[in-house]
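Novice: Mind having a look at this structure? Questions to follow.
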Amino acid sequence: MIGGPKLNQRGDEPEDTSLTLATWADELRAMAALGLLYTTDSYDRERYTRIQQIADAMIGRLSGRAMEEIRPLLAADVGYVTVKVGVAAATFDREGRILLVRRRDNGLWAMPGGWADVGDTPAAMTAREVWEETGLTVSVDRLLGIYDSRQRNFRHPHQIYHLVFLCTPQAGTPVQTDETLDVSWFTADALPDLSPGHQDPVRDAFRAIADPLLPAIFD
């Protein structure tokens, strides 16, 4: 069964039409890429190429960016298309407060994190993201959860597996960097406006601190 936005109880499309269309465009790109990877029929190749072009145009229209700008980025996504992977750090101080950064892209708060890079382990990427976004050196202690963006309201056109790790400060003092607008510690009852998709992981991180035996969350 092909995945995609789930219908509501009335059987209608989800209310967020833009997000729905972006998700469908992403699925079309994935199916077209797989078709181009495996087909040996010239007519099928033409059809898959056209599907890919339509999907690219949909993504360009929905993002508000010119096709000349996004076409090279989309063209670089070749081979077998898989879910994108991102990492995030739930870093707590001795007072039980979580470290959050204010993102430059939407002005909302989130755990330090970013896209997974080829060649690095998830733990190494997580520690690096914390240092790059806050100036803080941390140890990466354990996996807290793996979250599917389609289940967690990330509002992103691509499906993402969001890997969240529990981290402990080792050295340094959190500071604002070129990648963030602000950085601060927060308690569970005084959280700021969180970026889409971070509400559940932040809540679960506080639960994990309260219960060290809590197993990792996964969708």
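Novice: Could you pull out every one of the strands (runs of 3 or more DSSP E) wholly within the range 79-152 that has 1 or more residues that are in contact with an Asp or Glu (Cβ under 9 Å, 6 or more places away or on another chain) and within 18 Å of Ile209 (Cα to Cα)? Working first, answer last.
Specialist: Working: elements: 84-91, 98-103, 113-115, 137-148.
Those strands (runs of 3 or more DSSP E) span 84-91, 98-103, 137-148.
Novice: Quick check on Ala171: is it in contact with a Ser or Thr (Cβ under 8 Å, 6 or more places away or on another chain), exposed (fewer than 13 other Cβ atoms within 10 Å of the Cβ), among the small types (Gly, Ala, Ser) and under 20 Å from Val183 (Cβ atoms)?
Specialist: So Ala171 passes the test.
Novice: A further question follows. Going through the range 153-209 one residue at a time, which ones are of a type in the set (Gly, Ala, Ser) and either outside the structural domain of Ala88 (by TED's automatic domain parsing) or in a helix (DSSP H, G or I) (or both)?
Specialist: Scanning the range 153-209 gives Ala205, Ala208.
Novice: Going through the range 80-94 one residue at a time, which ones are out of contact with any strand residue (DSSP E or B) (no Cβ under 6 Å at 6 or more places or on another chain) and either over 13 Å from Thr168 (Cβ atoms) or not assigned by TED's automatic domain parsing to the domain that holds Gln170 (or both)?
Specialist: Tyr80, Val81, Thr82
Novice: Also: Can you name every residue in the range 91-113 that is among the aliphatic types (A, V, I, L, M) and under 15 Å from the mean Cα position of the chain (by Cα)?
Specialist: Within the range 91-113, Leu108, Ala110, Met111 qualify.
Novice: Ok, one more. Would you confirm, using the coordinates I've provided, whether Ala123 is surrounded by 13 or more Cβ atoms within 10 Å (Cβ to Cβ) and of a type in the set (A, V, I, L, M)?
Specialist: Yes: the conditions hold for Ala123.
Novice: Of the residues that sit in the range 155-167 and are over 16 Å from Arg207 (Cα atoms) and in contact with a strand residue (DSSP E or B) (Cβ under 6 Å, 6 or more places away or on another chain), which one is modelled with the lowest pLDDT? Please lay out each step first, then the result.
Specialist: Residues of the range 155-167 over 16 Å from Arg207 (Cα atoms): 155-163.
Then drop every residue that is not in contact with a strand residue (DSSP E or B) (Cβ under 6 Å, 6 or more places away or on another chain), which leaves 158, 160-163.
On the way: His158: 79, Ile160: 92, Tyr161: 95, His162: 96, Leu163: 97.
This residue is His158.
Novice: Okay, next question. Could you tell me whether Ile51 is of a type in the set (Val, Ile, Thr), farther than 30 Å from Pro169 by Cβ and at pLDDT 80 or above?
Specialist: Working: of a type in the set (Val, Ile, Thr): yes; farther than 30 Å from Pro169 by Cβ: yes; at pLDDT 80 or above: yes.
Yes; evaluated as a whole, the condition is true for this residue.
Novice: Under the condition of being modelled with pLDDT under 95 and not basic (Lys, Arg), which residue from the range 137-150 is nearest to Gln176 (Cα to Cα)?
Specialist: That would be Ser149.
Novice: Next question. Suppose the filter is under 24 Å from Arg142 (Cα atoms), crowded, with 19+ Cβ neighbours inside 10 Å and either in contact with a Phe, Trp or Tyr (Cβ under 7 Å, 6 or more places away or on another chain) or in contact (Cβ under 8 Å) with a residue 40 or more places away in the chain (or both); does Gly96 pass it?
Specialist: no
Novice: Right, next: For residues that are among the polar types (S, T, N, Q), in contact with a strand residue (DSSP E or B) (Cβ under 9 Å, 6 or more places away or on another chain) and surrounded by 13 or more Cβ atoms within 10 Å (Cβ to Cβ), tally how many sit in the range 178-211. Steps first, please.
Specialist: Here is the first cut: in the range 178-211, the residues among the polar types (S, T, N, Q) are 180, 184, 187, 195, 199.
Then keep just the ones that are in contact with a strand residue (DSSP E or B) (Cβ under 9 Å, 6 or more places away or on another chain); that gives 180, 184, 187, 195.
Those left that are additionally surrounded by 13 or more Cβ atoms within 10 Å (Cβ to Cβ): 180, 184, 195.
Of the residues in the range 178-211, 3 are among the polar types (S, T, N, Q), in contact with a strand residue (DSSP E or B) (Cβ under 9 Å, 6 or more places away or on another chain) and surrounded by 13 or more Cβ atoms within 10 Å (Cβ to Cβ).
Novice: Next question, about the same structure. Any idea how many residues of the range 29-57 are surrounded by fewer than 18 Cβ atoms within 10 Å (Cβ to Cβ) and either in contact with a Cys (Cβ under 7 Å, 6 or more places away or on another chain) or not charged (D, E, K, R) (or both)? Even if it seems obvious, please write down each step before you answer.
Specialist: To start, the set of residues in the range 29-57 that are surrounded by fewer than 18 Cβ atoms within 10 Å (Cβ to Cβ) comprises 31, 34-47, 49-51, 53-54, 57.
Now restrict to residues that are either in contact with a Cys (Cβ under 7 Å, 6 or more places away or on another chain) or not charged (D, E, K, R) (or both): 31, 34-40, 42-43, 49, 51, 53-54, 57.
Counting residues in the range 29-57 that are surrounded by fewer than 18 Cβ atoms within 10 Å (Cβ to Cβ) and either in contact with a Cys (Cβ under 7 Å, 6 or more places away or on another chain) or not charged (D, E, K, R) (or both) gives 15.
Novice: Also: Say we look at the range 129-157 and pick out the residues that are surrounded by 18 or more Cβ atoms within 10 Å (Cβ to Cβ) and farther than 13 Å from Thr91 by Cα; which of these is farthest from the chain's Cα centre (by Cα)?
Specialist: Among residues in the range 129-157 that are surrounded by 18 or more Cβ atoms within 10 Å (Cβ to Cβ) and farther than 13 Å from Thr91 by Cα, the one farthest from the chain's Cα centre (by Cα) is Gly145.
Novice: Can you pull out the residues in the range 179-215 that are touching a helix residue (DSSP H, G or I) at 6+ places or on another chain (Cβ under 9 Å) and modelled with pLDDT under 95?
Specialist: Glu179, Thr180, Leu214
The values are calculated or read from the model by the stated rules, or taken from the named source; none is laboratory data. The model shown is predicted, which means the values in this text are computed figures rather than measured ones. Because the Cβ atoms are built from the backbone with ideal geometry, glycine has one as well, and the counts that use them run over all protein chains shown.
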